[in-house]
1. Hey, among 171, 154, which residue is within 17 Å of residue 117 (Cβ to Cβ) and either out of contact with any His (no Cβ under 6 Å at 6 or more places or on another chain) or of a type in the set (Asp, Glu) (or both)?
2. Tell me whether the range 154-165 contains one or more residues that are in contact with a helix residue (DSSP H, G or I) (Cβ under 7 Å, 6 or more places away or on another chain) and either within 23 Å of residue 70 (Cβ to Cβ) or loosely packed, with under 10 Cβ neighbours inside 10 Å (or both).
3. Does the range 90-111 include one or more residues that are basic (Lys, Arg), modelled with pLDDT under 85 and not in a helix (DSSP H, G or I)?
4. For the range 69-101, how many residues are surrounded by 13 or more Cβ atoms within 10 Å (Cβ to Cβ) and either touching an Asp or Glu at 6+ places or on another chain (Cβ under 6 Å) or not assigned by TED's automatic domain parsing to the domain that holds residue 163 (or both)?
Amino acid sequence: MLQLHCLIQSILSIISVSYFLIVALWLLPQNVVIDQLLAPVRPFFFFFHLDQRWAFYAHFDRKTNCHYSGELTFDDGTVMIVEPPRLDKLSYFEGIRKEKSIVLFTYYLGNQWDYHDCAKYLTRPFENSLNPPKYLSLNKFWSDIPVPGSNSLYSREHPPPHDQMTHLFTYDLKKASEK
């Protein structure tokens, strides 16, 4: 009986130590060695949805400050300016409520986001069967963030204006709805 108790205790100890070691490796910054060490347990993490990394919240040092603005063209030729949520334009509590959308647009648009999903998110409030949206043209406006300690005239409270612009995409909503 004592041997069985010791065996169970040993097995549970090995499982506990292994689990904490795997979690500690998972939380370290991603690199080739850690990816190879975690390869055998990766399916387990994905199956139980334990694959979230802290890198989602601070995955790199931001070098630019940006916002997005789109031109939504309707069937009758009317053009409307649409914007994803912007933290600087929202109240404190509204900013908390829309924080996920702000993070997705600020960090992932143009990198990993599907343009179709972005277009649907931005045009959903303006859907109208009599005059449906036809095209969405999205632009990114940005400015470089001054290096801390530099002799810049700008600060965290007074950032530089977003004076640079890039056209990201023009999405044909009519073609997308026909698919």
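1. Working: 154 fails: within 17 Å of residue 117 (Cβ to Cβ).
It is 171.
2. Start the filter on the range 154-165 by keeping residues that are in contact with a helix residue (DSSP H, G or I) (Cβ under 7 Å, 6 or more places away or on another chain), which leaves none.
No, every residue in the range 154-165 fails to be in contact with a helix residue (DSSP H, G or I) (Cβ under 7 Å, 6 or more places away or on another chain) and either within 23 Å of residue 70 (Cβ to Cβ) or loosely packed, with under 10 Cβ neighbours inside 10 Å (or both).
3. To start, the set of residues in the range 90-111 that are basic (Lys, Arg) comprises 97-98, 100.
Those left that are additionally modelled with pLDDT under 85: 100.
Now narrow it down to the ones that are not in a helix (DSSP H, G or I): none.
No, the conditions are met nowhere in the range 90-111.
4. 1
The values are calculated or read from the model by the stated rules, or taken from the named source; none is laboratory data. This structure is a prediction, so every number in the text was calculated from the model and none was measured. Reconstructed Cβ throughout: ideal geometry from the backbone, glycine too, with neighbour counts over all protein chains shown.
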